[in-house]
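Let me begin by presenting the structure, written as structure tokens, before commenting on it.
The values are calculated or read from the model by the stated rules, or taken from the named source; none is laboratory data. What you see is a predicted model, and the numbers here were worked out from it, not measured in a lab. All Cβ positions, glycine included, derive from the backbone under ideal geometry; neighbour counts span all protein chains shown.
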Amino acid sequence: MIKRLLFSIALTLTLPLLSDAQSAFEFTHFNQTTSPELEGNNFKCIAVARGGYIWAGSQYHGLVQYDTTTKQWRFSVELSDVLITDIKADQKGNIWVANAGRSGLSNGGSNIGGGVNKYLAEVPDISNFYTITGFGNLTSRNVRSLWIDKFHPPASSATVWAAQGTYISTNITRAGGFSVGDNGAPPHFTQKIEKG
């Protein structure tokens, strides 16, 4: 009985402290109203990188980087009008960006472009682009999600899994699947699962 009474008194005294602590937290909002340099408000993903950089991806309004120290925005020239679906940082500070490409409504297709961009930690203005053609070897250019394997990191580069959906272009429909990379040399990704 005494234990219950002491517990009730302790709970009564600490609850107001907990509610005060919760109400003291404030959010800072970033949108076209508070940050007019942003070209849209339809953001899909966000990641935090080394040095306090925030990377955010939007639907057809590009990839943006926010420097928490200088409070400045930087915009990717390469990824200015694509659907960015996921962003991850690897162990070395590189940023991996999944995108489903540009809207292809004009010619009856979808997912024009699309793939995975890797922004190097040392030179964040330069990226490597991987897609279905060339040395990328992705299953589909409609990349929807990334996962960085932190449990089995290779010595040279990160192990990145890319989940891809089906894409449709003017003349072809291509099934999605999973790919894993970066192999460090062409082909950079290996198709793991593909079923049409």
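Are any residues in the range 77-105 touching a strand residue (DSSP E or B) at 6+ places or on another chain (Cβ under 6 Å) and either exposed (fewer than 15 other Cβ atoms within 10 Å of the Cβ) or without any contact (Cβ under 8 Å) to a residue 24 or more places away in the chain (or both), and if so, which ones? Matches in the range 77-105: ASP81 only. I'm trying to understand the selection: among the residues of the range 160-188, which are in a strand (DSSP E or B) and either under 19 Å from TYR119 (Cβ atoms) or within 17 Å of the chain's Cα centre (by Cα) (or both)? The answer is VAL160, TRP161, ALA162, ALA163, GLN164, GLY165, PHE178, SER179, VAL180, GLY181.
The residue of the range 145-196 that is modelled with the highest pLDDT, among those that are in contact with a Leu (Cβ under 7 Å, 6 or more places away or on another chain) and small (Gly, Ala, Ser), is ALA162. Taking every residue in the range 160-172 that is polar (S, T, N, Q) and pairing it with any residue that is in a strand (DSSP E or B) and modelled with pLDDT under 75, at least 6 positions away or on another chain, yields no pair with a Cβ-Cβ distance below 7 Å. Only a single item in (1) at pLDDT 85 or above; (2) farther than 18 Å from ARG174 by Cα is not met by GLY114, and it is number (2). Restricting attention to the range 51-105, the residues being over 16 Å from ASP125 (Cα atoms), part of a strand (DSSP E or B), of a type in the set (Lys, Arg) and modelled with pLDDT of 85 or more number 1. Scanning the range 121-140 for residues that are of a type in the set (S, T, N, Q) and under 28 Å from TYR66 (Cβ atoms) yields SER127, ASN128, THR131.
The set of residues in the range 131-147 that are over 15 Å from the mean Cα position of the chain (by Cα) and assigned to a strand (DSSP E or B) is empty.
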